[in-house]
Each structure stands twice: as C-alpha cells, then as structure tokens.
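Here's the structure, in structure tokens; my notes come after.
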Amino acid sequence: MITCGIEIKGSEVILCLLSKDDGFFQLPDCRQVRHALQHPNDAEAMRKFQFTMKKLFEDYKVEQVIIRERPTKGKFAGGAVGFKMEAAIQLIPDLNVELINNATMKEIIKDNPLPIDFSATGLKAFQEGAFMVAYAALSR
C-alpha cells in the first residue's frame, strides 16, 4: 500500500510517498514533491491544484493520504490558504484522506522508532515532516 504523507507550509504542500511491504519500508520516487498554490482566490487555480494532486495520486497508485493536522488557533496556526489546499485534497473523490495530529504522531514514533536516520533516506531535508507523517501512518 502506497501512502502519501503531506505537510502543508504556507501556500505549499510537501509530499513524501512511502510504502510498507512485509515489514520493510520503501520510498518510491515522486516526480514532484512540492506543489504550490499560486492564486488561492481564483477558483480555476483551485481546480487545477486539485486536478494536479488527483493525477499524481492516480499515477503513483496512492491508496492513502495522511495530512499533518495544523492548529486553527495560536502561535503555530495554519493559514487560510493551507486550509483551502487541505480541503481540495480531502474532496478528491474515491481517495482515503486522514488527518494526524502531532501528539498522535509523536506517540506512534516513540513506540516505533525510525529504523534508520532520516539523512540516510535520500530525501530532501524539507521533506522530513511529510516523511514522518507517512511513517507514523504506516507504523500504527
């Protein structure tokens, strides 16, 4: 099962594809690991963003999408554009999308520590949050 971990930062989604087979994790290559929403107030731009994400999930046969939940209030609250992108992904038909909060993620990772150091994965440093989301989802 291929899982896509997503971390939303500002007006950008950061992706990490991860699968687990017989207890072994695999990191499939992904053609584009960052997707930005240029014009969040334009309905056509929102449709294009949603179509792009849907196509990527179909092409890589993603069965599950996990999005790191962001607080709605406080110092680390997510912005309006991020919540619009989150909704666009959640509304993709026939796609299993879940949110995971930081406390749950930390608990799962504490119980199932990473088998290797993140730097050994070959992923870009900015993908670490998305990787941790996918790893926690597959480790529960």
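In this structure, does F51 turn out to be at pLDDT 95 or above, over 21 Å from Y135 (Cα atoms) and not hydroxyl-bearing (S, T, Y)? Spell out the reasoning first.
On the way: at pLDDT 95 or above: yes; over 21 Å from Y135 (Cα atoms): yes; not hydroxyl-bearing (S, T, Y): yes.
The answer is yes for F51.
So, A87, is that one at pLDDT below 95 and out of contact with any Lys or Arg (no Cβ under 6 Å at 6 or more places or on another chain) or not?
Working: at pLDDT below 95: no; out of contact with any Lys or Arg (no Cβ under 6 Å at 6 or more places or on another chain): yes.
In short, no.
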Enumeration of residues in region 7-27 that are modelled with pLDDT of 95 or more and either surrounded by fewer than 16 Cβ atoms within 10 Å (Cβ to Cβ) or not in a strand (DSSP E or B) (or both): E12, Q26, L27
- prompt: Under 6 Å by Cβ, and 6 or more places apart or on different chains, what pairs join a residue from region 88-110 that is surrounded by fewer than 16 Cβ atoms within 10 Å (Cβ to Cβ) with one that is part of a strand (DSSP E or B) and not acidic (D, E)?
  reply: Q90/V97; N96/Q64; E98/I66; L99/I67
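The values are calculated or read from the model by the stated rules, or taken from the named source; none is laboratory data. All values derive from a computational prediction rather than experimental measurement. Note that each Cβ is placed from the backbone with ideal geometry, even for glycine, and that neighbours are counted across all protein chains shown.
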